[in-house]
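Have a look at the structure below, then the notes.
Values quoted throughout were computed directly from the atomic coordinates according to the rules given, and no laboratory measurement underlies them. Every value quoted in this text rests on a predicted model; they were computed, and no experiment measured them. All Cβ positions, glycine included, derive from the backbone under ideal geometry; neighbour counts span all protein chains shown.
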Amino acid sequence: MYDFQIEAPDKPELWRQLVAAADALTEGEPDAVANMANVAALLWESLPDLNWAGFYRNLDGELVLGPFQGRAACIRIPFGKGVCGTAAATLEPQCIEDVHAFPGHIACDAASVSELVVPVVGADGALIAVIDLDSPSRARFDQEDVAGCLELARRLSDRLGGVAKGSFGS
Ligand code: SME
């Protein structure tokens, strides 16, 4: 059993503890799906006011649903479409106050109002996946969340693109 006590007085400290816990959870494990599953669970448990937390993987230039917590979601998202597809196409984080005002937003869960999507990029500069966080509250995410989630993506990128064996992600 893993029991991470993440309690912090402010967001930067919360993200610092979350990144450290994710680092410890994935250390030495080469399987990307296992690592994404545990990181999704950690995000879900540690961050308040979410209704979805997880990954979309880059499979041959299309985003495909990966490990997540929350309601069942759309499976495939083209690059450039919606918030996730925009993050994938631009390789830039997308911090959206109100998704209903975002052109082309894909409504997987009607409860989602704000959203943060951060690209996970490999050492070669190619997109591995995106981290998608959704909230039922307007403007739930800010620049401190962007910075924290980017640090998570940077720290874990080499553990989120690998395979133990077989052909996942290749
Ligand atoms: N709303 C997202 C789609 C993914 S779900 O939120 C899980 C988007 O527009 O990219």
Consider only pairs whose beta carbons are under 7 Å apart and that are at least six residues apart or on different chains; among these, list those whose first residue lies in segment 36-50 and is more than 15 Å from GLY148 (Cβ to Cβ) and whose second residue is among the β-branched types (Val, Ile, Thr) and not in a loop (DSSP other than H, G, I, E, B).
ASN38/THR26
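Hey, does segment 115-123 have a residue that's assigned to a loop (DSSP other than H, G, I, E, B), aliphatic (A, V, I, L, M) and under 24 Å from ILE75 (Cβ atoms)? Can you show your working first?
Our first condition is that a residue be assigned to a loop (DSSP other than H, G, I, E, B); within segment 115-123, this holds for 122-123.
Filter once more, keeping what is aliphatic (A, V, I, L, M): 123.
Adding the requirement that they be under 24 Å from ILE75 (Cβ atoms) leaves none.
No, segment 115-123 has no match at all.
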Set GLY70, GLY80: member being within 11 Å of the ligand (Cβ to nearest atom) and surrounded by fewer than 16 Cβ atoms within 10 Å (Cβ to Cβ):
GLY80
Need the failing condition index for VAL83 against (1) in contact (Cβ under 8 Å) with a residue 60 or more places away in the chain; (2) in contact with a His (Cβ under 7 Å, 6 or more places away or on another chain); (3) not charged (D, E, K, R), just the number.
(1)
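One line per residue, one yes/no per condition, for (1) within 11 Å of the ligand (Cβ to nearest atom); (2) in contact with a strand residue (DSSP E or B) (Cβ under 9 Å, 6 or more places away or on another chain):
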position: ASP31; (1), (2): no, no
position: GLY61; (1), (2): no, yes
position: VAL64; (1), (2): no, yes
position: ARG76; (1), (2): yes, yes
position: GLY85; (1), (2): yes, yes
position: LEU91; (1), (2): no, yes
position: CYS95; (1), (2): no, yes
position: ALA107; (1), (2): yes, no
Of the residues in segment 97-151, how many are aliphatic (A, V, I, L, M), in contact with a helix residue (DSSP H, G or I) (Cβ under 9 Å, 6 or more places away or on another chain), surrounded by fewer than 21 Cβ atoms within 10 Å (Cβ to Cβ) and within 19 Å of GLY70 (Cα to Cα)?
4
